[in-house]
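Visitor: My questions all concern the structure below.
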Amino acid sequence: MYDADQSQSSLAVLIDADNAQASVIDGLLAEVAKYGVASVKRIYGDWTTPQLGSWKTVLLQHSIQPVQQFRYTVGKNATDSAMIIDAMDLLYTANFDGFCLVSSDSDFTRLASRIREQGKRVYGFGEKKTPKPFVAACDKFIFTEVLVADQESGTALKPRSARALKADTRLVNLFRTAIDAASDDNGWAHLGAVGNNIINQAPEFDPRNYGFKKLSELVAGIGLFDVDRKPGAVMVRDGRKKSGGK
């Protein structure tokens, strides 16, 4: 689901310390490495408060630059403003291919949209409670719960049953629509193209959300699609289209 060229992309990783947990950092940076090189790593918060103590222990280890932002007014999140201003400065003064915004706060929705308007990719990272508008504003959104699960157990979350997957009409329709868009005359489509099409429709899509490490495992687990593993490629077809061969 990812372009090979992405491995050399220059990325700016910006973390909202008020809305992200330090326990995600190992999984987060490992995930970021799939999309490119983290040329800049900054984290924003009021470092005079004890709430950010867990973050302080990992900053030096991962070479993340802390940015101090005092809370001038109770109830107002000055961290968001500082991160947004910094992101816009980086957007216009540095040559980045994309931005990784780490937060579960909907205040970054417009920022994500603005960065994409400049032709840069936006990867969002946040908890499953993240508001839908922010998720939809990103090119891809990764839920941090799956990153923590991967780091703690070395495996994805427990796979959902075929029955549960089939009952997920949104998931099934995403696959059917994507396969139809990428298929040849016989109904077969490259799984990579299908995955990219699904992400274009639903940025938060990730096989790990359903307990599977790989897209091929998820599509096979649903049980409604034909899977043909060829050398160097995996082909998939809507199981309802049995005629026409391969």
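The values are calculated or read from the model by the stated rules, or taken from the named source; none is laboratory data. Just so you know, these numbers come straight off a predicted model, no measurement behind them. A quick note on method: Cβ atoms are made from the backbone with ideal geometry, for glycine too, and the neighbour counts reach across all protein chains shown.
Visitor: Of the residues that make up the range 114-130, is at least one of a type outside the set (G, A, S), in the same structural domain as Y35 (by TED's automatic domain parsing), touching a Cys at 6+ places or on another chain (Cβ under 6 Å) and in a strand (DSSP E or B)?
Guide: yes
Visitor: Criterion first (aliphatic (A, V, I, L, M) and touching a strand residue (DSSP E or B) at 6+ places or on another chain (Cβ under 6 Å)) does A38 satisfy it? Reasoning before the result, please.
Guide: Details: aliphatic (A, V, I, L, M): yes; touching a strand residue (DSSP E or B) at 6+ places or on another chain (Cβ under 6 Å): yes.
So A38 passes the test.
Visitor: Inside the range 19-48, can you point out the residues that are closer than 12 Å to I64 by Cβ and part of a strand (DSSP E or B)?
Guide: The answer is A38, V40, K41, R42, I43, Y44, G45.
Visitor: Limited to the range 94-109, what total is found for residues that are charged (D, E, K, R) and either over 28 Å from S23 (Cβ atoms) or in a loop (DSSP other than H, G, I, E, B) (or both)? So that I can check it myself, show each step before the final result.
Guide: Residues of the range 94-109 that are charged (D, E, K, R), as a first pass: 97, 105, 107.
Still in the running and either over 28 Å from S23 (Cβ atoms) or in a loop (DSSP other than H, G, I, E, B) (or both): 97, 105.
So the count comes out to 2.
Visitor: Let me ask something else about it. Given the residues V234, V227, which is the only one that is farther than 30 Å from L111 by Cβ and in contact with a Ser or Thr (Cβ under 6 Å, 6 or more places away or on another chain)?
Guide: Working: V227 fails: in contact with a Ser or Thr (Cβ under 6 Å, 6 or more places away or on another chain).
Just a single option satisfies the conditions, and that option is V234.
Visitor: Taking the criterion of being within 16 Å of K140 (Cα to Cα) and touching a residue at least 40 places away in the same chain (Cβ under 8 Å), would at least one residue in the range 212-220 satisfy it?
Guide: So far as the range 212-220 goes, yes, one or more of its residues are within 16 Å of K140 (Cα to Cα) and touching a residue at least 40 places away in the same chain (Cβ under 8 Å).
Visitor: Hey, among F175, F205, F141, which residue is in a loop (DSSP other than H, G, I, E, B) and either surrounded by 18 or more Cβ atoms within 10 Å (Cβ to Cβ) or under 16 Å from the mean Cα position of the chain (by Cα) (or both)? Even if it seems obvious, please write down each step before you answer.
Guide: Working: F175 fails: in a loop (DSSP other than H, G, I, E, B); F141 fails: in a loop (DSSP other than H, G, I, E, B).
Sole residue among the options that is in a loop (DSSP other than H, G, I, E, B) and either surrounded by 18 or more Cβ atoms within 10 Å (Cβ to Cβ) or under 16 Å from the mean Cα position of the chain (by Cα) (or both): F205.
Visitor: Restricting to the range 58-78, name every residue that is at negative phi and at pLDDT below 85. Spell out how you get there, then give the answer.
Guide: Initially, the range 58-78 is screened for residues at negative phi, giving 58-62, 64-74, 76-78.
If the condition is that a residue be at negative phi and at pLDDT below 85, then Q69, F70, R71, Y72, T73, V74, K76, N77, A78 are the ones that fit.
Visitor: Do we find a residue being under 19 Å from V24 (Cα atoms) and without any contact (Cβ under 8 Å) to a residue 40 or more places away in the chain anywhere in the range 115-123?
Guide: Yes, the conditions are met somewhere in the range 115-123.
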